[in-house]
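A quick write-up on the structure given underneath.
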There are 2 protein chains.
Amino acid sequence: MAETERHRLALVSNRGPIAYERVDGERVTRRGGGGLVTALRGLIGSHDVLWVANAITDEDRQVAREQQGRAHAEEDALGNPFELALALPDANDYERAYSEIANPLLWFVQHGLHDGGLSPIIDRATREGWAAYRRSNAAIAATASAAAADRDALMIHDYQLYLVPSLLRESGVQAKILHFTHIPWPGPHAWRVLPFDIRTELIHGLLGADIIGFHTPGDVLNFLRTCEAMLAQDRIEIDYARGSVCFTRDRITREVVVRSYPISIDPAELRQHLDAPEVQAASAALTRTRPERLVLRVERTDPSKNTVRGLRAFGRLLERRPDLHGRVGMLTLLDPSRQSIPEYQDYLEALLQTAEEVNSTHGDDGWLPIDVRIGDNFHTAIAAYRQYDVLYVNAVADGMNLVAKEGPILNERDGVLVISESTGAYDELREHALAVDPFDIEQQAAFLEQALDLPAADRARMAAGLRATVEERHVGRWIDAQIADLDALAPA
Amino acid sequence: MAETERHRLALVSNRGPIAYERVDGERVTRRGGGGLVTALRGLIGSHDVLWVANAITDEDRQVAREQQGRAHAEEDALGNPFELALALPDANDYERAYSEIANPLLWFVQHGLHDGGLSPIIDRATREGWAAYRRSNAAIAATASAAAADRDALMIHDYQLYLVPSLLRESGVQAKILHFTHIPWPGPHAWRVLPFDIRTELIHGLLGADIIGFHTPGDVLNFLRTCEAMLAQDRIEIDYARGSVCFTRDRITREVVVRSYPISIDPAELRQHLDAPEVQAASAALTRTRPERLVLRVERTDPSKNTVRGLRAFGRLLERRPDLHGRVGMLTLLDPSRQSIPEYQDYLEALLQTAEEVNSTHGDDGWLPIDVRIGDNFHTAIAAYRQYDVLYVNAVADGMNLVAKEGPILNERDGVLVISESTGAYDELREHALAVDPFDIEQQAAFLEQALDLPAADRARMAAGLRATVEERHVGRWIDAQIADLDALAPA
């Protein structure tokens with residue numbers, strides 16, 4: 001495979017780029033968004049892509065039954081052709097794997113959200129959930145193995161599918177395998193809360209790949225350290241300088257490359273949304289109602305996004321700066337996330353209560369300090385990206401955070417990025433942003449204040465730096481780097 | 001200093017071995033217990049000891065005012081003479097340093113008890129608390145510096161006094177300085193929740209010592225990694241093989257040795273308690289009321305002790321084994337701890353509720369499955385050590401856990417130790433115990449079951465192994481190893 005060549009690739013992910021629905025008795029296709037699907041769409045234009053995904057909707061499951069795991073032709077939102085194969089995991093397994101293991105257990109471990117004293121509690125249900133996770137992984141691996149027999153490489157995505165690389169390897173797949181984890185990989189200590197057999201199976205699952213990808217060098221280092229600490233009973237050699245794990249199992253020695261590829265956005269595609277009538281309408285509405293100075297948050301209702309501390313820091317800004325009363329507001333656009341999981345419900349409740357406290361303390365009839373909007377705010381978000389004075393990302397932990405890359409591309413007011421040191425995006429954007437400690441709300445209030453007070457020349461310089469960095473490090477580079485590394489591997 | 005020599009030592013710790021009270025107008029002296037005081041008592045017998053501690057009770061403060069920081073003669077519970085100097089920190093500073101910084105913030109960081117999403121929140125109060133912690137450390141450092149001018153070495157204890165080593169060094173103290181941390185030292189990632197300036201000041205504070213001691217090699221490794229990760233801006237060199245940090249500050253380069261010394265107990269002294277009439281009475285009472293098979297927990301009401309999961313695991317044991325109903329009981333002796341801190345109140349409430357659930361599900365008129373006793377249970381604990389069939393320690397994290405060493409010395413029934421992998425004691429006792437994952441209640445239930453079912457010969461062999469290990473690794477070794485390392489240092 002050379003880089004100029006068109007490759008025959010298989011993508012394997014929990015959600016595909018298309019969902020089927022039945023409307024008035026007719027099958028209709030929704031072409032979804034989401035960071036991963038958007039990022040991977042670039043592949044469809046330039047390579048022959050087979051996408052293997054789980055059937056999620058009822059109609060997805062009907063399609064999967066009709067196709068019996070075989071691929072069928074589809075096209076993406078831009079009209080580019082690809083093939084789609086839908087896996088049909090047992091519905092109960094899928095539900096348990098999703099809502100008991102992937103979220104919240106793995107998500108909480110990897111974002112540092114357990115309290116130790118009372119959570120997590122590992123019990124029989126956890127092991128049943130893990131068995132369901134394993135069977136769900138086996139179902140999509142079987143579909144991928146059958147449908148992708150003729151592919152040059154399989155690229156498997158994220159924490160829902162940690163066991164798929166080894167399952168593919170064991171099924172005899174000869175193609176090269178890459179697994180990419182989109183969320184943070186913490187150090188060995190964080191993994192101690194998973195039972196020994198589960199965490200070992202998880203890491204062995206990943207080590208079935210030829211290349212294991214993460215967003216940042218810090219994630220790579222943590223993964224290598226986790227292998228060293230957790231697989232002490234295996235014959236394993238870690239090369240920290242090269243980024244590799246040499247691993248012997250069943251008398252076969254394999255080398256796995258571990259590398260960072262920071263994901264990004266497609267600036268050109270993002271800009272196309274500006275023309276949508278819904279965005280135009282949202283822009284006009286925001287122009288009418290916006291405060292003089294607009295602070296913007298765009299996120300899911302997830303404890304990792306740190307909304308509660310963000311709202312409290314904004315309240316603290318208002319205490320520090322009475323002169324800003326009536327003039328500054330924080331628009332908080334929240335995509336409701338995983339509300340079937342109690343921890344997510346509790347967090348949403350806590351953040352609504354915090355917003356209410358700040359608003360009742362500081363607001364008045366003519367001024368709502370914090371405007372929380374929960375729902376599908378896509379068009380409003382695009383409109384608000386144009387208009388923010390401060391884009392405020394304070395995640396407790398975040399694999400990358402694409403909001404921090406999207407905002408600067410569309411912003412028209414030299415808005416300042418305030419960004420948590422614990423995001424992947426911080427690694428790339430730190431020179432042109434104000435970096436904050438996600439736990440420290442006093443510091444965040446001080447930096448919001450500083451962002452609002454920055455002289456125009458500084459704001460312009462920083463905004464230009466952000467734009468240039470994101471334009472240069474676009475998502476095409478993310479994809480090309482992975483394919484180049486797959487090409488560079490010795491033949492299977 | 002040679003090992004046979006009598007040394008002139010100063011111990012510096014938050015609490016001293018003596019507290020003063022005023023009873024009916026008279027000053028009385030309470031000679032306290034507590035693991036640290038008991039462990040250090042051995043020093044008083046074999047060396048000239050000056051103990052520098054904070055004045056805590058009102059009468060302590062009165063004594064401190066009378067003495068004005070000078071040492072005065074005292075004797076310990078065994079009648080051995082030592083000198084005592086009481087520091088007099090500002091009472092408000094002391095309270096904030098204790099209940100806002102040392103507990104819960106540092107304690108929670110080091111035992112992994114924050115949830116990330118909502119705790120900790122670092123705000124103005126945190127920084128005010130930190131300033132109070134700094135002033136409290138300065139107060140005891142000043143007392144130590146004045147009173148201990150002629151000492152060969154100063155041995156400073158624990159997480160309440162992290163800044164004291166550097167403060168002593170800066171005050172011109174020429175004696176050798178050792179700091180010992182009695183709680184776990186987690187890896188660098190755990191420390192990220194503290195602001196950069198606070199965590200840097202904390203580590204610089206410790207690096208004023210010549211020797212930094214922990215209980216286990218794992219703590220040492222984590223400390224070295226924390227220095228490497230957190231002090232990247234300093235000129236610092238870490239030698240992982242030797243266990244040292246070479247550190248340049250204000251143009252002075254110093255080498256700090258970092259080493260593990262597992263604390264222990266004095267078996268002979270412990271056995272003396274068996275003769276106390278209160279212990280005899282408690283033994284008789286327990287013999288009358290105990291179930292056929294007795295599982296024992298002895299701990300403080302602290303989330304790190306993992307009582308909630310322990311009670312749930314015991315409930316699960318009762319589900320698994322109906323044949324044990326009416327025959328097995330778990331005595332849970334809880335010393336009420338830090339009830340001024342909301343997290344501790346909540347945890348106590350949660351554990352009482354869990355006990356109630358298990359008892360109402362499984363118990364009946366003649367059988368109380370879980371007997372929770374909150375209070376000063378010292379004599380009952382000694383009596384129960386003799387009688388347990390299973391000693392159950394499942395701490396989420398614990399620097400050492402001396403219960404796991406005390407029980408086997410006094411036990412008369414070849415009781416089995418079930419011990420968490422996340423305790424310091426696990427490192428030394430694992431060969432003779434059943435090791436459990438503190439998060440996994442199903443595994444804990446299975447191991448409690450296994451412990452109750454073990455053949456007598458296995459139990460006898462394991463109990464003998466525990467006894468021999470603790471007898472050999474008594475607290476005298478802990479002290480001697482530190483003094484030998486102080487002796488081996490080049491002269492100041």
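The values are calculated or read from the model by the stated rules, or taken from the named source; none is laboratory data. Fair warning: this is a prediction, and the values are worked out from it, not measured in the lab. When we count neighbours, we look across all protein chains shown, and the Cβ atoms used for this are built from the backbone with ideal geometry, even at glycine. Only protein heavy atoms, including side chains, enter the accessible area calculation; ligands, DNA and RNA are left aside. Shrake-Rupley method; radii C 1.70, N 1.55, O 1.52, S 1.80 Å.
For segment B:426-456, the candidate set comprises residues that are free of Cβ contacts under 8 Å to residues at least 12 places away in the same chain and of a type in the set (D, E, K, R); within that set, the residue that is farthest from A:Gly116 (Cα to Cα) is B:Asp453. Taken over segment A:166-225, the residue count meeting the criterion of being over 16 Å from A:Ile156 (Cβ atoms), hydroxyl-bearing (Ser, Thr, Tyr) and under 20 Å from the mean Cα position of the chain (by Cα) is 1. The sole residue among B:Arg151, B:Arg169, B:Arg96, B:Arg135 that is basic (Lys, Arg), within 30 Å of B:Thr423 (Cα to Cα) and touching a residue at least 12 places away in the same chain (Cβ under 8 Å) is B:Arg96. The residues of segment B:286-302 that are open to solvent by less than 10 Å² (accessible area, probe 1.4 Å) and either in contact with a His (Cβ under 8 Å, 6 or more places away or on another chain) or part of a strand (DSSP E or B) (or both), listed by number, are B:Leu294, B:Val295, B:Leu296, B:Arg297. The residues in segment A:277-313 that are in contact with a strand residue (DSSP E or B) (Cβ under 9 Å, 6 or more places away or on another chain), within 14 Å of chain B (Cβ to nearest Cβ) and among the basic types (Lys, Arg) can be counted, and the count is 3. Annotation note: Cβ proximity below 7 Å between a residue of segment B:269-291 that is more than 13 Å from B:Ala381 (Cα to Cα) and a residue that is surrounded by 13 or more Cβ atoms within 10 Å (Cβ to Cβ) (sequence gap 6+ or interchain) occurs for B:Arg290/B:Gln387; B:Pro291/B:Val328; B:Pro291/B:Gly329. Is it the case, given these coordinates, that A:Ala102 is modelled with pLDDT under 90, open to solvent by less than 60 Å² (accessible area, probe 1.4 Å), in contact with a helix residue (DSSP H, G or I) (Cβ under 7 Å, 6 or more places away or on another chain) and under 28 Å from A:Val403 (Cβ atoms)? Against the criterion (modelled with pLDDT under 90, open to solvent by less than 60 Å² (accessible area, probe 1.4 Å), in contact with a helix residue (DSSP H, G or I) (Cβ under 7 Å, 6 or more places away or on another chain) and under 28 Å from A:Val403 (Cβ atoms)), A:Ala102 does not qualify. A single entry from A:Asp158, A:Asp150 fulfils the requirement of being of a type outside the set (Val, Ile, Thr) and modelled with pLDDT of 95 or more: A:Asp158.
Can you name the residue in segment B:240-249 that is farther than 16 Å from B:Ala488 by Cβ and free of Cβ contacts under 8 Å to residues at least 24 places away in the same chain and, of all such residues, is farthest from the chain's Cα centre (by Cα)?
Taking segment B:240-249 first, the residues farther than 16 Å from B:Ala488 by Cβ are B:240-241, B:245-249.
Pick out the ones that are also free of Cβ contacts under 8 Å to residues at least 24 places away in the same chain and you get B:240-241, B:246, B:248.
On the way: B:Tyr240: 26, B:Ala241: 27, B:Cys246: 28, B:Thr248: 32 Å.
So, considering only residues that are farther than 16 Å from B:Ala488 by Cβ and free of Cβ contacts under 8 Å to residues at least 24 places away in the same chain, the one farthest from the chain's Cα centre (by Cα) is B:Thr248.
Would you kindly identify the helices (runs of 4 or more DSSP H) lying entirely within segment B:306-425 that contain at least 2 residues that are over 28 Å from B:Val37 (Cβ atoms) and either touching a Ser or Thr at 6+ places or on another chain (Cβ under 9 Å) or free of Cβ contacts under 8 Å to residues at least 24 places away in the same chain (or both)? Per the criteria, B:307-320, B:342-362. Kindly provide the set of residues from segment A:430-477 that are in contact with a strand residue (DSSP E or B) (Cβ under 9 Å, 6 or more places away or on another chain), assigned to a helix (DSSP H, G or I), more than 13 Å from A:Leu317 (Cα to Cα) and among the hydrophobic types (A, V, I, L, M, F, W, C), ordered by number. A:Met462, A:Ala463, A:Leu466, listed by residue number. Does A:Asn80 qualify as being farther than 24 Å from A:Arg31 by Cα, more than 14 Å from chain B (Cβ to nearest Cβ) and not small (Gly, Ala, Ser)? Answer is no for this residue. Please tell me if A:Gln482 is in a helix (DSSP H, G or I), at pLDDT 95 or above, out of contact with any Pro (no Cβ under 6 Å at 6 or more places or on another chain) and within 14 Å of chain B (Cβ to nearest Cβ). For A:Gln482, the condition - in a helix (DSSP H, G or I), at pLDDT 95 or above, out of contact with any Pro (no Cβ under 6 Å at 6 or more places or on another chain) and within 14 Å of chain B (Cβ to nearest Cβ) - is not met.
Here is a yes/no grid of residues against (1) of a type in the set (D, E, K, R); (2) open to solvent by 20 Å² or more (accessible area, probe 1.4 Å); (3) under 23 Å from A:Ala102 (Cβ atoms):
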{"site": "A:Pro17", "(1), (2), (3)": "no, no, yes"}
{"site": "A:Arg22", "(1), (2), (3)": "yes, yes, no"}
{"site": "A:Arg27", "(1), (2), (3)": "yes, yes, no"}
{"site": "A:Gly42", "(1), (2), (3)": "no, yes, no"}
{"site": "A:Gly45", "(1), (2), (3)": "no, yes, no"}
{"site": "A:Val52", "(1), (2), (3)": "no, no, yes"}
{"site": "A:Ile56", "(1), (2), (3)": "no, yes, yes"}
{"site": "A:Ala64", "(1), (2), (3)": "no, no, yes"}
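Residue count for segment B:38-61 satisfying the condition of being part of a helix (DSSP H, G or I), under 20 Å from B:His182 (Cα atoms), of a type outside the set (D, E, K, R) and in contact with a Leu (Cβ under 9 Å, 6 or more places away or on another chain): 5.
Yes/no matrix, rows are residues, columns are (1) open to solvent by 50 Å² or more (accessible area, probe 1.4 Å); (2) modelled with pLDDT under 95; (3) of a type in the set (Phe, Trp, Tyr); (4) more than 19 Å from the chain's Cα centre (by Cα):
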| position | (1), (2), (3), (4) |
| --- | --- |
| B:Arg251 | yes, yes, no, yes |
| B:Arg259 | yes, no, no, no |
| B:Leu274 | no, no, no, yes |
| B:Lys305 | no, no, no, no |
| B:Pro322 | yes, no, no, yes |
| B:Gly326 | no, no, no, yes |
| B:Ser340 | yes, yes, no, yes |
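Residues of segment A:378-401 that are surrounded by fewer than 24 Cβ atoms within 10 Å (Cβ to Cβ), more than 25 Å from A:Ala445 (Cβ to Cβ) and not hydroxyl-bearing (Ser, Thr, Tyr): A:Phe378, A:His379, A:Ile382, A:Arg386. Taking A:Ser283, is it polar (S, T, N, Q), open to solvent by less than 90 Å² (accessible area, probe 1.4 Å) and assigned to a loop (DSSP other than H, G, I, E, B)? Answer is no for this residue. Checked against (1) hydroxyl-bearing (Ser, Thr, Tyr); (2) open to solvent by 20 Å² or more (accessible area, probe 1.4 Å); (3) within 30 Å of A:Asn222 (Cα to Cα), A:Thr423 meets all criteria but (2). Remark: pairs (first residue in segment B:61-72, at pLDDT 95 or above; second residue in a loop (DSSP other than H, G, I, E, B) and open to solvent by 30 Å² or more (accessible area, probe 1.4 Å); Cβ separation under 8 Å; 6+ apart in sequence or on different chains) = B:Arg61/B:Leu88; B:Ala64/B:Leu88; B:Arg65/B:Leu88.
Please determine whether any residue of segment B:451-462 is more than 22 Å from B:Leu311 (Cβ to Cβ) and buried (at least 21 other Cβ atoms within 10 Å of the Cβ). Can you show your working first?
Let us first name the residues in segment B:451-462 that are more than 22 Å from B:Leu311 (Cβ to Cβ), namely B:454-462.
Going one step further and asking which of them are buried (at least 21 other Cβ atoms within 10 Å of the Cβ), we end up with B:462.
So far as segment B:451-462 goes, yes, one or more of its residues are more than 22 Å from B:Leu311 (Cβ to Cβ) and buried (at least 21 other Cβ atoms within 10 Å of the Cβ).
Examine segment B:361-376 for a residue that is aromatic (Phe, Trp, Tyr) and touching a helix residue (DSSP H, G or I) at 6+ places or on another chain (Cβ under 7 Å), and state whether such a residue exists.
First, pick out the residues of segment B:361-376 that are aromatic (Phe, Trp, Tyr): B:367.
Subsequent filtering for residues that are touching a helix residue (DSSP H, G or I) at 6+ places or on another chain (Cβ under 7 Å) retains none.
Taking every residue of segment B:361-376 in turn, none turns out to be aromatic (Phe, Trp, Tyr) and touching a helix residue (DSSP H, G or I) at 6+ places or on another chain (Cβ under 7 Å).
A count restricted to segment A:224-246 and to residues that are open to solvent by less than 10 Å² (accessible area, probe 1.4 Å) and touching a strand residue (DSSP E or B) at 6+ places or on another chain (Cβ under 7 Å) stands at 5. In segment A:342-359, the residue that is nearest to A:Gly375 (Cα to Cα) out of those that are polar (S, T, N, Q) and open to solvent by 80 Å² or more (accessible area, probe 1.4 Å) is A:Gln345.
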